[in-house]
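Comments concern the structure below.
The values are calculated or read from the model by the stated rules, or taken from the named source; none is laboratory data. Because the structure is a prediction, the values reported are computed rather than measured. Glycine also receives a Cβ, built like all others from the backbone with ideal geometry; neighbour counts cover every protein chain displayed. Note: areas computed on protein heavy atoms with side chains; ligands, DNA, RNA excluded. Shrake-Rupley method; radii C 1.70, N 1.55, O 1.52, S 1.80 Å.
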Amino acid sequence: MANVAVIGAQWGDEGKGKVVDWLASRADIVVRFQGGHNAGHTLVVGSETYKLSLLPSGVVRGKLGIIGNGVVVDPLALLAEMARVSAQGLAVGPHNLRIAENAPLILPLHAALDRAREAARGERRIGTTGRGIGPAYEDKVARRAIRLCDLAEPATLAAKLDELLLHHNTLLAGLGAETFEKSALLESLLGLAPRLLPFAEPVWERLDEARRAGKRILFEGAQAVMLDVDHGTYPFVTSSNTVAATAASGSGIGPGAVGFVLGIAKAYSTRVGAGPFPTELFDATGQLLGDRGHEFGTVTGRRRRCGWFDATLVRQAVKVGGIQGLALTKLDVLDGLPEIRVATAYRIGAETLHRLPAAAGAQAAAQPIYETMEGWPGSTRGARSWADLPAQAVKYVRRIEELVEAPVTLLSTSPERDDTILMRDPFEG
Ligand code: GDP
Ligand code: IMO
Ligand code: MG
């Protein structure tokens with residue numbers, strides 16, 4: 001099978017955008033299948049930097065982008081992003097972007113509820129991106145979501161808004177937030193309809209045709225396994241399934257068509273938002289990783305928390321995410337460190353565990369057991385061949401492969417598109 005799914009193996013921001021952009025040269029179609037504009041993917045191509053949230057990263061390569069039904073689509077955010085990239089010389093229109101007609105929409109009331117709830121949580125907040133992702137997925141599952149196709153049926157839309165507002169205005173009022181008015185919402189959605197409907201189609205049909213024609217499909221995951229609503233550090237997670245299996249249900253294709261699953265992991269760890277992070281560093285090394293790695297959220301601008309590579313966690317992500325090969329990114333950020341640590345297990349009370357347990361209390365109590373390795377003198381930054389890497393850096397990569405029980409098939413050594421080392425082409429399986 002010549003398709004590839006790219007997913008994050010940690011807590012997001014592993015460099016999925018860079019890897020997808022690089023791999024897109026070998027693909028015909030790039031498909032987003034979950035998440036929304038909570039994602040932030042930075043692509044550096046020569047002197048141009050693209051920051052994408054909702055647009056599949058393949059559009060920068062001129063490939064057809066598809067937003068699948070598993071994505072929650074904020075129409076205003078999408079149009080704003082299209083305008084942004086168009087100012088960078090990248091024209092996005094129905095010729096190179098198709099959106100599943102059954103994709104649920106994010107409305108302003110979702111972001112309002114997301115923020116009101118976070119404010120009410122106070123110290124116990126999740127640290128969401130405040131973009132309405134959670135409330136939009138809740139509405140989808142509760143069968144009251146407005147979907148893209150509803151914009152073509154004003155009567156359906158009006159009836160659905162009644163149900164939606166009954167629910168949301170009750171909650172918003174209870175939280176002391178401003179409520180929404182039906183007429184204004186309806187007018188705004190009907191106004192957006194002619195701009196959005198030209199993108200809408202049954203994407204499952206196009207994907208089926210592409211598959212039968214032997215085209216290569218690249219599935220672009222957002223967020224990461226540890227933010228998966230089932231497998232992540234619940235409740236400090238996003239509201240979608242981020243594992244590769246979702247590529248099938250989130251785009252309307254069979255599980256057999258997903259192909260090779262490439263997990264992306266940083267050579268260390270970061271996390272935005274709250275929640276357990278066993279290998280987090282609060283010292284000068286953590287600060288250094290953050291500074292060198294420019295660890296600021298693409299979407300939130302918030303500084304990311306930083307720590308050592310957690311092999312126990314990535315191994316777990318490999319298992320539950322079905323990861324067959326790993327792309328290791330940001331190795332260059334570790335250049336020159338005298339020693340590097342890797343967590344190989346956790347201690348929780350008197351117990352030693354080789355997985356992160358599901359219970360929140362146990363997760364918070366997990367203390368990493370570290371293995372310490374020598375760092376490397378010299379630089380890996382910008383390396384484009386395996387032979388350019390210092391011997392100790394190669395040793396680090398090899399040790400990670402052993403610990404996480406997956407081969408490193410791709411290595412990224414700078415933000416720049418071509419500073420990438422391919423060990424095994426994922427499209428070859
Ligand atoms: P994504 O959400 O997984 O797509 O990742 P982000 O784009 O949010 O964050 C990754 C950041 O690391 C971006 O600023 C990239 O430009 C940058 N990046 C990606 N790969 C590398 C790498 O190998 N080395 C360095 N130094 N930066 C990288
Ligand atoms: P990419 O695709 C990192 C985090 C938020 C928060 C939690 C829930 O760039 O890797 P949400 O708004 O989804 O309800 O927030 O998930 N989060 C991300 N962290 N990278 C992302 O996307 C993220 N998308 C959501 O910080 O902790
Ligand atoms: Mg990101």
Yes or no: region 13-25 includes at least one residue that is over 24 Å from Asp425 (Cβ atoms), surrounded by 24 or more Cβ atoms within 10 Å (Cβ to Cβ) and out of contact with any strand residue (DSSP E or B) (no Cβ under 8 Å at 6 or more places or on another chain).
no
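Which count do you get for residues in region 31-58 that are of a type outside the set (A, V, I, L, M), surrounded by 19 or more Cβ atoms within 10 Å (Cβ to Cβ) and touching a Gly at 6+ places or on another chain (Cβ under 7 Å)? Break it down into steps so the answer makes sense when it comes.
First, the residues of region 31-58 that are of a type outside the set (A, V, I, L, M): 32-38, 40-42, 46-51, 53, 56-58.
Next, only the ones that are surrounded by 19 or more Cβ atoms within 10 Å (Cβ to Cβ) stay: 32-38, 40-41, 50, 53, 56-58.
The next check asks that each one be touching a Gly at 6+ places or on another chain (Cβ under 7 Å); those that pass are 32-34, 40-41, 53, 56-58.
Here the count works out to 9.
Okay, residues lined up against (1) surrounded by 13 or more Cβ atoms within 10 Å (Cβ to Cβ); (2) outside the structural domain of Gly12 (by TED's automatic domain parsing):
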{"site": "Thr170", "(1), (2)": "no, yes"}
{"site": "Leu189", "(1), (2)": "yes, yes"}
{"site": "Val203", "(1), (2)": "yes, no"}
{"site": "Ala210", "(1), (2)": "yes, no"}
{"site": "Ala213", "(1), (2)": "no, no"}
{"site": "Gly221", "(1), (2)": "yes, no"}
{"site": "Ala244", "(1), (2)": "yes, no"}
In region 1-26, how many residues are within 16 Å of ligand 3 (Cβ to nearest atom) and in contact with a helix residue (DSSP H, G or I) (Cβ under 7 Å, 6 or more places away or on another chain)?
10
Of the conditions (1) of a type in the set (A, V, I, L, M, F, W, C); (2) open to solvent by 40 Å² or more (accessible area, probe 1.4 Å); (3) in contact (Cβ under 8 Å) with a residue 24 or more places away in the chain, the single one that Ala112 does not satisfy is (2)
Can you find even one residue in region 253-260 that is over 29 Å from Leu410 (Cα atoms), open to solvent by 10 Å² or more (accessible area, probe 1.4 Å) and outside any loop (DSSP other than H, G, I, E, B)?
no
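Could you tell me whether region 217-231 includes any residue that is more than 22 Å from Gly127 (Cα to Cα) and away from ligand 1 (no atom under 16 Å from the Cβ)?
Yes - at least one qualifying residue is present in region 217-231.
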Any residue in region 387-404 that is of a type outside the set (A, V, I, L, M), touching a strand residue (DSSP E or B) at 6+ places or on another chain (Cβ under 6 Å) and either farther than 26 Å from Val20 by Cβ or open to solvent by 70 Å² or more (accessible area, probe 1.4 Å) (or both)?
yes
Quickly run through region 401-425 and pick out the residues that are within 16 Å of ligand 1 (Cβ to nearest atom) and not in a strand (DSSP E or B).
Thr413, Ser414, Pro415, Arg417, Asp418, Asp419, Met423
Please list, ordered by first then second residue, the pairs with beta carbon atoms under 8 Å, 6 or more apart or interchain, first in region 17-40 and farther than 25 Å from Ile421 by Cβ and touching a residue at least 40 places away in the same chain (Cβ under 8 Å), second among the basic types (Lys, Arg) and near ligand 2 (Cβ under 10 Å from one of its atoms).
Gly36/Arg131; His37/Arg131; Asn38/Arg131
Single residue of Thr312, Thr300, Thr329 found to be of a type in the set (S, T, N, Q), surrounded by 15 or more Cβ atoms within 10 Å (Cβ to Cβ), modelled with pLDDT under 95 and under 22 Å from the mean Cα position of the chain (by Cα):
Thr300
Log entry, pairs with first residue in region 301-318 being assigned by TED's automatic domain parsing to the domain that holds Leu334 and farther than 15 Å from Gly12 by Cβ, second being part of a helix (DSSP H, G or I) and open to solvent by less than 10 Å² (accessible area, probe 1.4 Å), beta carbons closer than 8 Å, six or more apart or on different chains, reads Phe309/Ile400; Ala311/Ile400; Ala311/Val404; Arg315/Val404; Gln316/Val225; Val318/Val404
Of all residues being in a helix (DSSP H, G or I) and open to solvent by 80 Å² or more (accessible area, probe 1.4 Å) in region 123-139, which is farthest from Val73 (Cα to Cα)? Just the residue, please.
Glu123
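Listed here are the residues, each with its yes/no results for (1) farther than 18 Å from Gly15 by Cβ; (2) within 16 Å of ligand 3 (Cβ to nearest atom); (3) in the same structural domain as Met226 (by TED's automatic domain parsing); (4) open to solvent by 10 Å² or more (accessible area, probe 1.4 Å).
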residue	(1), (2), (3), (4)
Arg271	no, yes, no, no
Gln287	yes, no, no, yes
Asp291	no, no, no, yes
His294	no, yes, no, yes
Can you tell me which condition Arg61 does not meet? The list is (1) within 14 Å of ligand 1 (Cβ to nearest atom); (2) open to solvent by 10 Å² or more (accessible area, probe 1.4 Å); (3) touching a Ser or Thr at 6+ places or on another chain (Cβ under 9 Å), and all the others hold.
(1)
